[in-house]
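Colleague: Before I ask anything, let me first share the structure, which is written out below as structure tokens.
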Amino acid sequence: MVGKKVANILSRISYTSAYIIMEDKETDNIYIYNEESRSEWQQENITDSPLDTSGPNFSQVDRGSEDSDSHDKESDDGKQSPSALRLMFKVMMNPIEGWKSVRRASLTPERAQQSCFYPLLAIMAVSKFAIIAYNPSVKLPDALVDAVCSFVSFFFGYFCLLIILKTVMPEETRQTFDSSFGKVFIIISLSTLCLFYTLADLLPMLWAILIFLPLWTIYIVCRGTKFLKLPQNKQISSTFILCLLIVGVPFVLSWLLGLVLPS
């Protein structure tokens, strides 16, 4: 009986020692990696391996979207402020759509003068010398006086128009010509007259036809007065006064200067 117990104890001891030896062998196969060496290995693999550029570069995408946004803003700005000279031709071809474009463009009077009125005014003054080629009896001083009269009459005519309109027009409509659009309206109308007078000077053989071109300026003004938002009960009288002054003031100033300057 005692011998069986001893045998059982010895067998358990041998089994336990065998299990411990197996665990030691298994732990011998476990490798402990150093985190520092592992990070160095990853860095080497990253630097050695080629960069995968097949996927989208989000920084470039963001930069590209910013560039496109700025380009869209620039194009929008370009659309909001087109050339005053191009707007003038659009008004001449289609007055209703042209004045709509002028109103939407938010064109300033200074820009309309610099890019449209003053260049056409200078061309009109230079065209006065073309008569020397068609009529040799006309001398250079006479052409010079005519050029000066034309330039000054339109240049100061614009400012005279603003003063006279604030005096002659009905009180309800005077503030209209203090606005930016009201001034641009007068500038573009005077610019069409400069263009028509230039054509008449350059083509004197067609003078009998071109002399009626200022009537188109009157038509342009009549079609554009509704964009000035004049009072309904004063619209007809205001339109008549406006057409008369736009065509008549430069003509009267040129005639007065012709009397004052020596011929």
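Colleague: With a 10 Å radius around each residue's Cβ, average the other Cβ atoms per peptide and rank 183-193, 112-122, highest first.
Modeller: 183-193, 112-122
Colleague: What is the log10 of I(q)/I(0) for the stretch 153-211, computed with the Debye formula using one identical point scatterer on each Cα and no solvent, at q = 0.13, 0.21, 0.22, 0.31 Å⁻¹?
Modeller: Calculated log10 I(q)/I(0) at the listed q: -0.45, -0.80, -0.84, -1.21.
Colleague: Beyond a 31 Å Cα-Cα separation, which of these cross-linked pairs lie in this structure: Lys128/Lys226; Lys128/Lys229; Lys183/Lys234? Intermediate results must be reported in sequence, preceding the final value.
Modeller: On the way: Lys128/Lys226 35 Å; Lys128/Lys229 38 Å; Lys183/Lys234 19 Å.
Flagged as over cut-off: Lys128/Lys226; Lys128/Lys229.
Colleague: Using 1/(1 + (r/R0)^6) with R0 = 22 angstrom and r between the beta carbons of Leu144 and Leu259, what's the FRET efficiency to the nearest 0.05?
Modeller: Working: r = 16 Å, r/R0 = 0.74.
FRET efficiency, Leu144 to Leu259: 0.85.
Colleague: At 1.4 Å probe size, with the rest of the protein present, what percent of the exposed accessible area of the stretch 85-200 is carbon and sulfur atoms?
Modeller: On the stretch 85-200, the fraction of accessible area on carbon and sulfur atoms equals 65 percent.
Colleague: Grab the beta carbon distance between Lys226 and Ile123, set R0 = 30 Å, and tell me the FRET efficiency rounded to 0.05.
Modeller: 0.45
Colleague: By per-residue mean of other Cβ atoms within 10 Å, what is the highest-first order of 172-178, 155-161?
Modeller: Sorting 172-178, 155-161 by mean packing, highest first, produces 155-161, 172-178.
Colleague: Please give, to one decimal in nm, the separation of the simple spin-label points placed at Ser179 and Phe89, each 7 Å out from Cα toward the Cβ.
Modeller: 2.8 nm
Colleague: Per residue, how much accessible surface does the stretch 79-167 expose to a 1.4 Å probe? Answer in Å², no decimals.
Modeller: That works out to 53 Å² per residue.
Colleague: Excluding Val148 itself, calculate the net charge of residues whose Cβ lies under 15 Å from the Cβ of Val148, where each Lys or Arg counts +1 and each Asp or Glu counts -1.
Modeller: That works out to -1.
Colleague: Over the heavy atoms of Ser83, what accessible area does a 1.4 Å probe trace out, to the nearest 10 Å²?
Modeller: The accessible area of Ser83 comes to roughly 50 Å².
The values are calculated or read from the model by the stated rules, or taken from the named source; none is laboratory data. Just so you know, these numbers come straight off a predicted model, no measurement behind them. All Cβ positions, even for glycine, are placed from backbone atoms using ideal geometry, and neighbour counts span all protein chains on display. Keep in mind that these areas ignore ligands, DNA and RNA; they rest on the heavy atoms of the full protein, side chains included. Shrake-Rupley method; radii C 1.70, N 1.55, O 1.52, S 1.80 Å.
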